[in-house]
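Shown next, in structure tokens, is the structure this report addresses.
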Amino acid sequence: MKNSWFILLVIIFTGCNLSDKSIRLPGGNTYVDEGKCNKFILVNIEHAGNIESCVSEYKFDDNFITASQIDENACRDNLPVRNKRFYIIDIKKSVLYGPLSKEDFFKKNDELKVDRELLLSN
């Protein structure tokens, strides 16, 4: 009986965290995935906020991180995405650009000469 209580407690305390993952990104930034609509990027830039849920896509190289974010309600309730926001982290300059519209995202990519491989889907 004692063993079954111990096993139950272990499942309760670790069960929610078994699906969590974090990925170290360049510049000390971190992508965190805690479930369907709880995905965010912890930004390692002084006085810059994090890219909150729901990060729908991200790409990176040694110079930049690009990310897109959708409305958490659209994610959770499977509604059409109305207002996608985009971000660019310039790792070398420690600057976060965003939230940006799709048009501004593509302009900023060109301006910063971000590698085309880091462009995100619409």
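The values are calculated or read from the model by the stated rules, or taken from the named source; none is laboratory data. Note that the structure is predicted; figures quoted are calculated from it, not measured. Here Cβ is always computed from backbone atoms with ideal geometry, including for glycine, and neighbour counts include all displayed protein chains.
Things to note:
- Scanning the range 69-122 for residues that are surrounded by fewer than 17 Cβ atoms within 10 Å (Cβ to Cβ), of a type in the set (Asp, Glu) and either touching a helix residue (DSSP H, G or I) at 6+ places or on another chain (Cβ under 8 Å) or more than 19 Å from residue 32 (Cβ to Cβ) (or both) gives 77, 103, 104, 110, 111, 115, 117.
- Every condition in (1) more than 24 Å from residue 21 (Cα to Cα); (2) in contact (Cβ under 8 Å) with a residue 40 or more places away in the chain holds for residue 57 except the one numbered (1).
Okay, residues lined up against (1) of a type outside the set (D, E, K, R); (2) surrounded by fewer than 19 Cβ atoms within 10 Å (Cβ to Cβ); (3) at pLDDT 95 or above; (4) under 9 Å from the mean Cα position of the chain (by Cα):
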site	(1), (2), (3), (4)
19	yes, yes, no, no
37	yes, yes, no, no
43	yes, no, yes, no
50	yes, yes, yes, yes
65	yes, no, yes, no
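- Cβ-Cβ contacts under 7 Å between residues 6 or more apart (or on different chains), taken from a first residue in the range 90-116 that is on the phi > 0 side of the Ramachandran plot and at pLDDT 95 or above to a second residue that is part of a loop (DSSP other than H, G, I, E, B) and crowded, with 17+ Cβ neighbours inside 10 Å, are listed as 94/45.
- The number of residues in the range 71-103 being among the hydrophobic types (A, V, I, L, M, F, W, C) and farther than 22 Å from residue 45 by Cα comes to 4.
- So residue 12, is it at pLDDT 90 or above and of a type in the set (A, V, I, L, M, F, W, C): no
- In the range 76-99, residue nearest to residue 57 (Cα to Cα) [restricted to those that are under 16 Å from the mean Cα position of the chain (by Cα) and of a type in the set (Ser, Thr, Tyr)]: 87
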